[in-house]
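Presented below is the structure to which this report refers.
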Amino acid sequence: MRRLVAPAVNGVLLIISILTVLPLVWMLAVSLMSPGEASRFPPPLWPSRATLANYRELFTQAGLGRYFLNSVLLTAGVTLSSLLFNVAAGYAFAKLRFAGRDRIFKLLLGALVIPSQVAMIPLFLLLRNLGLVNTYGGIIVPALASIFGIFVVRQYALTIPDDMLEAARIDGASEFRIFRSIVVPVLRPIAITLAVFTSLAAWNDFMWPLIVLNDMDLYTLPVALASLSREHVQDNELMMAGAVLTTFPVLLVFLALQRYYIRGLTLGSVKE
Amino acid sequence: MKGAGAAWCFVAPALVIIGLFFIVPVVAALALSLTDFDIYALADRGNLRLVGLRNYVQLLQTPLFWKALGNTLYFVVVGVPLSIGVSFGTALLLHSRVTRFQAAFRTALFAPVVTTLVAVAVIWRYLLHPHYGLLNYGLSRLGLPPVDWLGDPSWAMPAIILLAVWKNFGYNMVIFLVGLQSIPEPLYEAARIDGASAWQQFLHITLPTLVPIVTMVNILTIAGYFQLFAEPYVMTQGGPLQSTVSVLYFMYEEGFKWWNLGSASAVAFLLFVLIFGVTAVQLRVSRWQGVA
């Protein structure tokens, strides 16, 4: 009995893991099939002759290159700029003194329970008045700072010893100098965590880009894929190639920086 | 206060952004929900009128709103326990002393979490295809009749739940796993010396330690599941027979298809109140249990 436990546990895990990864592997396999090959019964698991025709068609006919570029630019823009705002604010909430600091922080934490969709309609009208609807700015500007980001950075920054900052102040360093040469290096790990989180969320975001970007030239990959999939209901191989191009960048980032991602996940969710 | 000026330089930009682009819109959503803001008001603010609670009254008389609410509750009530159950089960398996290649299994099980929802919805639409889908092929191998997953009103929501659980369970799994790993090993050793069985250890050490985490995970998962949108948008467009219209899908159509922005704001606000209410009840219950 006892000897059977280890194979049973590992066997069940192996089966669940295969079932979990199967849709993603199948997506890759079907994306390499020639058009129409996947519309058969029983469904083929592997392309009889692998071809990149679907990818070629996506780039030449469906203009996917443009959407890919939009997604890359928007993700990079949101990630880099929000990093600056959130790290600065998170550090200040943890280590600097200013009037109302704790009260403001509590208010921010309280606002975390508000789902972002509540703000969407007035935000759309506001951005419309600012002329930001149908521009990259409509995506980037509202995402420049986030409560979650500030919270995560603050929790980490609390561990910076006050003595270290005090010593620099006694040496006559300005607050900005201290931030740049002491705080930022110490906060590097959490900044990477936040960057991974933000970039994955920005890349995968769907509802807000769908609302703000009406011009096809500005579509991000998820918005373009959703619109393509409504047109090409039957072209399974083509749609799978589109899904591969949309998911693989995030999967690769995740695989490369998994350590940082998992830490952020537990930081944000598990109470200390 | 010394250095307060510099401190404000650090926080002010972020606070201005959050205030202007989140807090103000949230308050404005409440105000907007009390107006008849529609496509005419979008063209000319002169057409805007305050209508009090009329949007809310009208919503509560709209059958499709109730349908959307019912569909969303169905998704939450079935999807959340299923998702958390799978998360918890897989976390226990991963944490087991006999598990090998824990990191590899964890990565595989977590992979769907980081994928793009729209893309996996496209994949699943194909997996669930009545003729060529892998799922029905699997059923046929088991000798079961095929299911028209996304074409049958009674199967479309279960199909979406299946996708959601597959996509999300890894997230809570990792949180549970971290919780399990934080339980000090000596606790179990002491229990074993006292002759406690594996089941007793689970019941009296593992579960009680994880209660706060389970509460947390519950609240966050329920709030997340209430925000169902992209799955029906891509897979079913709310159909068949409006069986997968969710509250947010309803809000999206009301606001950005018909441009009834006042009424859509009322939908958004009702959703918020609902999520807030459910969260508050759970916190109350968990606190009450903590005392008892």
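Since every read-out is calculated from the coordinates, none of them should be taken as a lab result. Because the structure is predicted, anything quoted here is derived from the model rather than measured. Backbone-built Cβ (ideal geometry, glycine too); neighbour counts: all protein chains shown.
Things to note:
- Inter-chain neighbour count for A:108-117: the average number of beta-carbon atoms from partner chains within 10 Å of each residue's beta-carbon is 5.
- Here is how the number arises for chain B: DSSP H runs of 4 or more residues each give -39500 (n - 2.57), the sum is divided by the residue count, and the result at 222 nm is -22500 deg cm²/dmol.
- Spatially, region B:196-239 and region A:198-255 are offset by 27 Å when compared through their Cα centroids.
- Average beta carbon contacts from partner chains per residue of B:267-276, 10 Å cutoff: 3
- Three-way shape label, chain B, alpha-carbon gyration tensor, a/c 1.5: oblate
- Ranking B:258, B:188, B:223 by Cα position along the charge dipole of region B:176-270, where only Lys, Arg, Asp and Glu carry charges on their C-beta atoms, puts B:258 farthest toward the positive end.
- Taking Cα centre as origin and charging only the Cβ of basic (Lys, Arg, +1) and acidic (Asp, Glu, -1) residues, the dipole magnitude of the protein assembly as shown rounds to 1020 debye.
- Taking the average, over residues, of other Cβ atoms within 10 Å as the packing measure, peptides B:98-108, A:167-177 rank B:98-108, A:167-177 from highest down.
- Within the straight-line cut-off of under 19 Å between alpha carbons, the aspartates and glutamates reachable from residue B:257 are A:215, A:231, B:36, B:38, B:44, B:231, sequence neighbours fewer than 8 places apart in one chain being disregarded.
- Approximating the spin labels as points 7 Å out from Cα along Cα→Cβ, the residue A:104-to-residue B:202 distance works out to 4.9 nm.
- Positive-end residue, chain A charge dipole about Cα centroid, Cβ charges, pick of A:129, A:112, A:186: A:186
- Within chain B: Cβ-based charge dipole about Cα centre, in debye rounded to nearest 20 (Lys, Arg +1; Asp, Glu -1): 380 debye
- Subtracting the Cα-Cα distance of residue B:24 and residue B:209 from their residue separation scaled by 0.36 nm leaves 62.6 nm.
- Prolate/oblate/rounded label for the protein assembly as shown (Cα gyration tensor, a/c 1.5): rounded
- Separation of region A:144-176 from region B:122-190 is 43 Å, based on Cα centroids.
- Within 10 Å of each Cβ in B:98-111, the average number of Cβ atoms from other chains: 5
- Inter-label distance for residue A:173 and residue A:215, nm, one decimal - labels placed 7 Å from Cα along Cα-to-Cβ: 4.4 nm
- Chain A: C-alpha gyration tensor shape, a/c 1.5 cut-off, then a/b vs b/c: oblate
- Sequence-distant residues sharing a close amide H with residue B:35 (under 5 Å, placed H): B:51
- Peptides B:209-219, A:107-117, B:242-252, ordered by how many other C-beta atoms sit within 10 Å of their residues on average, highest first, read B:242-252, B:209-219, A:107-117.
- Each residue of region B:145-158 is assigned a 3J(HN,Hα), and the resulting list reads x, x, 10, 8, 3, 9, x, 9, x, 8, 9, 4, 5, x Hz, derived from the Karplus form 6.51 cos²θ - 1.76 cosθ + 1.60 (θ = phi - 60°), x at Gly and Pro.
- With Cα atoms, 0 to 90° folded angle of helix A:2-31 axis to chain A main axis: 70 degrees
- Sequence-distant aspartates and glutamates (8 or more away, or on other chains) whose Cα lies within less than 13 Å of residue A:95: A:162, A:163, A:166, A:175
- Residue-averaged 222 nm ellipticity for chain A, from DSSP H runs of 4+ at -39500 (n - 2.57), nearest 500: -23500 deg cm²/dmol
- Mean Cβ count within 10 Å, highest first, over the residues of peptides A:10-22, B:20-32: B:20-32, A:10-22
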